[in-house]
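The values are calculated or read from the model by the stated rules, or taken from the named source; none is laboratory data. Here the structure is a predicted model, which means the values were calculated and not measured. No Cβ is skipped: glycine too gets one built from the backbone with ideal geometry, and neighbour counts run over all protein chains shown. Calculation scope for accessible area: heavy atoms of the full protein, side chains included, ligands and nucleic acids excluded. Shrake-Rupley method; radii C 1.70, N 1.55, O 1.52, S 1.80 Å.
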Amino acid sequence: MCSKDGRNGYVPTSHLKPVEEYYEVLADYNNTDTTKYLNVKKGDRLTKINEPVPGWSICSKDGRKGYVPTSFIRLAADAPSISSSSTVMSNSG
């Protein structure tokens, strides 16, 4: 169920798109194993996919995915946020 402008209703999930949050890289990170890790430079912007292990985030940049130390990234100041007038509510519980 979704809510927008005080109205509630159902929307097909095919019409919804997750909000991507962009992260800024705080320091250069390089690893020789580029099959598992993502090399990034200070100031790069990337998308955080998840944090499967404490201290490590899986991120994507320019079509590549890999691990980046979570301490090397922060949510970008201009990252999009969900509008206070639009909410997606879970139907579980």
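Quick rundown of the values:
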item	result
Residues (open to solvent by 80 Å² or more (accessible area, probe 1.4 Å) and outside any strand (DSSP E or B)) located in the stretch 22-60	D28, N30, T32, T34, T35, K36, K41, K42, P54
Residue within the stretch 34-43 that is farther than 24 Å from A77 by Cα and among the charged types (D, E, K, R) present	yes
Failed condition for G66, given (1) outside any loop (DSSP other than H, G, I, E, B); (2) loosely packed, with under 15 Cβ neighbours inside 10 Å; (3) in contact with a strand residue (DSSP E or B) (Cβ under 7 Å, 6 or more places away or on another chain)	(2)
Test: I73 is within 13 Å of the chain's Cα centre (by Cα) and modelled with pLDDT of 95 or more	yes
Those residues of the stretch 1-18 which are exposed (fewer than 12 other Cβ atoms within 10 Å of the Cβ) and either in contact with a helix residue (DSSP H, G or I) (Cβ under 6 Å, 6 or more places away or on another chain) or of a type in the set (A, V, I, L, M, F, W, C) (or both), in sequence order	M1, V11, L16
